[in-house]
Amino acid sequence: MKQSYPLDRIRNIGIAAHIDAGKTTLTERILFYTGALYKIGEVHDGDAHMDYMAEEQSHGITITSALTKAHWNDHLIQIIDTPGHVDFTIEVERSMRVLDGCVIVLDGVRGVEPQTETVWRQRSKFNLPSLFFINKIDRPGADFDHVMQTIGKRLGAKPLPVTLPLHNEHTVIHLIDRTLIEFSGEHGEQLRVKPCDDSDWERVAGYRENLLLGIAEHDEAFADQVLAGDEPSPAETWAALRIATLKGNVCPCFGGSALRNLGVQPLIEGIIKLLPSPLERPAANAFLPDESTTQVEMINNQPLVALAFKVQMWDGRRHVFTRIYRGQLKPGDHVRFSKPDGTVITEHVARIFDVDAAKKSRLDLANAGDIVLLAGLRHASTGDTLCHPDHPLLLERIDTREPVLSLA
Ligand code: GDP
């Protein structure tokens, strides 16, 4: 059964990395934590390990699927795998618009690598709010500080630390919540969060200052507060960091080890607290009659605009992954799209599916905000804007609009 969420509780994200940095492992661990792969609370005895590994194996397909859903704290995180980050054509690049935010994974030893630079360029083109996960912090030679510096130097990004590895590979310190997060068990199943004591807090005082000053550069009221020596609360810090991240001014950095599950849970919180909902991105906003974020019904009542972002063979048939920005779609509806050479094509959508990893289930109706799989389209492909036949519109017109921020 498809579980529906209000649009402000959805995060459509991509996870990008240079090969071997740990993208697959991190995706797996996010699913593990959110219970999509295995309920952490159910890991009790010796057999659990085997079950977990078996489960993991059987979900191999999950990890490489074009769309995987993770449910966390009343939010839906949709992890979208856009095609060919390196081999980019205009069509593939256009398909990046399906994302509202991304997590860039870096190897804690190797730092920024060539493919990280490619991903960063694409991310910058779409002004995609981004988080960094500095992974493999358990490896000898891993250096969080050095990687933060290379992010600044080689990408020209402004990284701000949010969680840091501390003491050993079992603990991270949270610079906003002022907590120590400890992980134990072979797969980091047990998680203990406790307030950070004064001596640990002193050791990270410099990082905390960097974080606050980094945020303050983009927020005058926050700057006044910090400069007056008035310690901002976690809620104030999250809110100010969120605005700076959404504007693309800064990139919050999380440290950890996906393999050991270290630092993954704070990253999930970060995805929800710092990355935008579909309503906060320009493509969706362009369809809102005004800046209010409560106009979802009006978006549904308008003519269809959707983006095809990936074509995949499924059960031997051609299927098209599509994100709906405006309007609704039913099986049997016609959609119109134009090819880069100007040819205009109208085709009929035979079936619509909700997808989660390897599972697909039929839908009678898809709404604005949904990401669905369409069967029956023979010519629609990656990067095409699908419209109501009587209301043609191209999505690229929207690219240049500034994001309209409507924050609670
Ligand atoms: P991808 O190519 O980016 O998807 O990378 P993978 O997730 O497949 O990981 C590449 C290799 O690095 C695998 O052998 C992983 O087990 C290993 N790996 C991933 N994360 C970590 C980590 O946090 N620590 C260590 N030591 N190895 C890791």
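What follows is calculated from the coordinates using simple rules that are stated; it is not laboratory data. Only a predicted model underlies this, so the values are computations on that prediction, with no experimental measurement involved. Counting neighbours? That spans all protein chains shown, and the Cβs are built from the backbone with ideal geometry, glycine included.
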Q) How would you classify region 135-182 from its alpha-carbon gyration tensor, with a ≥ b ≥ c the square roots of the eigenvalues: rounded for a/c under 1.5, else prolate if a/b is greater than b/c, otherwise oblate? A) oblate
Q.
Can you compute the FRET efficiency between V193 and A228 using 1/(1 + (r/R0)^6), with r the Cβ-Cβ distance and R0 = 25 Å? Round to the nearest 0.05.
A. 0.25
Q) If amide H atoms are built 1.01 Å from N in the plane of the peptide, which residues on other chains or at least 5 residues away come under 5 Å of the amide H of F132? A) I104, C253, F254
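Tally Lys and Arg at +1 and Asp and Glu at -1 over the other residues with C-beta under 10 Å from the C-beta of G111: what net charge comes out?
Cβ neighbours under 10 Å give a net charge of 0.
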(Q) Here is the link list: K273/K310; K153/K273; K310/K330; K69/K330; K273/K359; K125/K158. Which ones come out longer than 18 Å on Cα distance? (A) K273/K310; K153/K273; K310/K330; K69/K330; K273/K359
**Q.** Under Karplus coefficients 6.51, -1.76 and 1.60, residue-wise ³J(HN,Hα) of region 244-252 in Hz, glycine/proline x
**A.** 5, 5, 5, 6, x, 6, 9, 10, x
Q) Residues with amide H under 5 Å of L363's amide H, sequence separation 5 or more or different chain, H placed in the peptide plane at 1.01 Å from N; which? A) I352, F353, D354
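How do 218-226, 175-183, 258-266 rank on mean C-beta neighbours within 10 Å, highest first?
Values: 218-226: 15.6, 175-183: 20.3, 258-266: 24.4.
Sorting 218-226, 175-183, 258-266 by mean packing, highest first, produces 258-266, 175-183, 218-226.
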Q) In a shell of Cβ-Cβ distance under 13 Å around P278, excluding P278 itself, what net charge do Lys and Arg (+1) and Asp and Glu (-1) give? A) +2
